[in-house]
Amino acid sequence: MTVPSNAQRLWMFEQMLVSRYLEESIERIYMEGKTPVFNMANGPIPGEMHLSNGQEPCAVGVCAHLNAEDIVTATHRPHHIAVAKGVHLNEMVAEIFGKKTGLSGGRGGHMHLFDARVNFSCSGIIAEGMGPAVGAALSRQMQGKPGVAVAFIGEGAANQGAFHETLNLAALWKLPVVFVIEDNAWGISVAKQASTAIERNYLRAAAYGMPGVFVPGNDADAIFAAASAAIERARAGGGFSGHGQQGGSICRVVASVSTVTGHGRRLVE
Ligand SMILES: Cc1ncc(C[n+]2csc(CCOP(=O)(O)OP(=O)(O)O)c2C)c(N)n1
Ligand SMILES: [Mg+2]
């Protein structure tokens, strides 16, 4: 098992704190003007808000292995991942507040954070980031450029068609892409057991001939270790042409991470 160095542990801890403090502030400001009768249109941050308090270990355990050149696509619950990938904090907050100084001039909002400097994007459409992650990995392979792509999704998104389509192509073309499922047991008001035929989504990786691992709980070190193996395998990479230079499934892992408190903190769905 790969153990983080002291410097990596410190970095993970700092990023988790930044993310938690950031979201606690966002939550407080978001609620301004929206009560006593909740009106989503009111307040300094109108619209929906999806917080990831409690899911920070997953973001840091994975992103600790990534550089700016690596690509991350995240979900509608993106703040912890954006922080860990090094998205510009001031511009990110400005974007969340809809300001001109935001990452996208304030037009994207909290679910649509884009920072090309660190190859980060996210989307309000669930599983939407999986295609672009696979496309980016394909582009790197074809151009002979370094870098892996990591697509984060929620466990609910694993029932989308895009999940199966992208896993299939990633495996077929041996692309340097890793899929990370943040399993908080709920998709809005639908419990996982009411929507998903199997208990653990990592088992689905086998259907596409790629390894999958399950990391229980919220242990940043355990997530770090699982992500290390997955990302190393992706970096070692297979070829685009699939002419057997790296036989078998070598470069993709589905890491299913169980998180415990994310949904308790959610404000609006
Ligand atoms: C394609 C699509 N269908 C429906 C929705 C509405 N929607 C927003 S969040 C969500 C549930 C997502 O659950 P999960 O993937 O587990 O992520 P979590 O919210 O738990 O982080 C749904 C269905 C959407 N955004 N995109
Ligand atoms: Mg979920």
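Miscellaneous remarks
- Filtered residue count, segment 34-66, keeping only those that are surrounded by fewer than 24 Cβ atoms within 10 Å (Cβ to Cβ) and hydrophobic (A, V, I, L, M, F, W, C): 7
- The set of residues in segment 39-53 that are among the hydrophobic types (A, V, I, L, M, F, W, C) and without any contact (Cβ under 8 Å) to a residue 12 or more places away in the chain contains only A41.
- Residue that is farthest from L89 (Cα to Cα) [pool: residues in segment 127-137 that are in a helix (DSSP H, G or I) and within 14 Å of ligand 1 (Cβ to nearest atom)]: G131
- Subset of segment 151-192 (residues that are more than 16 Å from ligand 1 (Cβ to nearest atom) and either of a type in the set (V, I, T) or not in a helix (DSSP H, G or I) (or both)): W173, K174, L175, P176, V177, V178
- Test result for G61, away from ligand 2 (no atom under 16 Å from the Cβ) and more than 22 Å from R235 (Cβ to Cβ): no
- Of the residues making up segment 193-219, those that are surrounded by fewer than 15 Cβ atoms within 10 Å (Cβ to Cβ), within 13 Å of ligand 2 (Cβ to nearest atom) and either in a loop (DSSP other than H, G, I, E, B) or without any contact (Cβ under 8 Å) to a residue 12 or more places away in the chain (or both) are Q193, A194.
- Inter-residue pairs, beta-carbon under 7 Å, first under 9 Å from A74 (Cα atoms) and among the polar types (S, T, N, Q) and in segment 113-129, second modelled with pLDDT of 95 or more and in a strand (DSSP E or B), 6+ apart: S121/T73; S121/F114
- Enumeration of residues in segment 146-168 that are away from ligand 2 (no atom under 15 Å from the Cβ) and surrounded by fewer than 18 Cβ atoms within 10 Å (Cβ to Cβ): P146, G161, H164, E165, N168
- Qualifying residues in segment 169-192 (those that are under 14 Å from the mean Cα position of the chain (by Cα), of a type in the set (V, I, T) and within 15 Å of ligand 2 (Cβ to nearest atom)) - the one nearest to T73 (Cα to Cα): V180
- Long-range neighbours under 6 Å by Cβ, at least six apart or interchain, first residue touching a residue at least 12 places away in the same chain (Cβ under 8 Å) within segment 8-35, second of a type in the set (D, E, K, R): M16/E56; S19/E56
- Cβ separations smaller than 7 Å between residues 6+ apart or across chains give the following pairs from segment 222-240 residues that are closer than 12 Å to A64 by Cβ and surrounded by fewer than 20 Cβ atoms within 10 Å (Cβ to Cβ) to residues that are at pLDDT below 90 and of a type in the set (A, V, I, L, M): A225/M1.
- Listed conditions (1) within 16 Å of ligand 2 (Cβ to nearest atom); (2) outside any loop (DSSP other than H, G, I, E, B); (3) among the small types (G, A, S) are all met by G124, apart from (2).
- Just one of the numbered conditions (1) modelled with pLDDT under 95; (2) in a loop (DSSP other than H, G, I, E, B) is not true of C58: (2).
- Scanning segment 196-205 for residues that are over 21 Å from the mean Cα position of the chain (by Cα) and among the small types (G, A, S) returns a single hit, A197.
The values are calculated or read from the model by the stated rules, or taken from the named source; none is laboratory data. Since the structure is predicted, the reported quantities are computational estimates derived from the model, not experimental observations. Glycine gets a Cβ as well: all are built from the backbone with ideal geometry, and neighbour counts include every protein chain shown.
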